[in-house]
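Note sheet for the following structure.
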Amino acid sequence: MQSLEFPDFVITTSSDANRILQIIRDLDLYIFDINIRQVMPVATEQNLVLALFWIPFAVVQLYAGKRRFSDNNEVKAVIEEAIELLNVQRPEIELMLSDNERLREEARRQSA
């Protein structure tokens with residue numbers, strides 16, 4: 001799996017908006033590639049936990065960027081796409097982590 005990036009950022013240019021959208025798309029691909037039928041590797045679980053902590057910060061920064069670019073529909077569209085992806089990813093990640101914990105408990109019971 002690819003490595004993920006959870007940067008501190010401020011959107012001051014269209015390049016910033018596009019860069020953050022790409023990071024969020026990479027997270028989306030990462031999530032899609034996770035096998036949810038088996039216990040996740042620790043590194044995968046840690047990446048998802050980091051993502052959960054990063055998403056609220058990212059959403060705040062994206063909304064600030066959207067206000068900053070209120071007169072630029074192209075940049076606003078990029079930012080809105082990023083916000084929409086994060087709004088879908090957060091509950092999906094929470095469910096994946098919950099399911100992973102359930103799978104881990106089932107594996108422990110079976111090995112006991």
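The values are calculated or read from the model by the stated rules, or taken from the named source; none is laboratory data. Computed from a prediction, not measured in an experiment: that's the story for all the values here. No Cβ is skipped: glycine too gets one built from the backbone with ideal geometry, and neighbour counts run over all protein chains shown. Only protein heavy atoms, including side chains, enter the accessible area calculation; ligands, DNA and RNA are left aside. Shrake-Rupley method; radii C 1.70, N 1.55, O 1.52, S 1.80 Å.
Descriptive notes on the structure:
- Semi-axes of the equivalent ellipsoid for the chain, Cα gyration tensor, largest first, Å: 33, 11, 10
- One chain, two ends: Leu29 and Leu97. Fully extended at 0.36 nm per residue, the span grows by 22.8 nm beyond their Cα-Cα distance.
- Pair Arg108, Ala43: separation of 7 Å Cα→Cβ label points (nm): 2.4 nm
- Solvent-accessible heavy-atom area per residue, rounded to whole Å², over the chain at 1.4 Å: 61 Å²
- Residues in region 1-23 reached by a label modelled at Arg67 [backbone nitrogen below 17 Å; 7 Å Cα→Cβ]: 9-13
- Protein heavy-atom surface of the chain, 1.4 angstrom probe: 52% of the accessible area is carbon and sulfur, with nucleic acids and ligands not counted.
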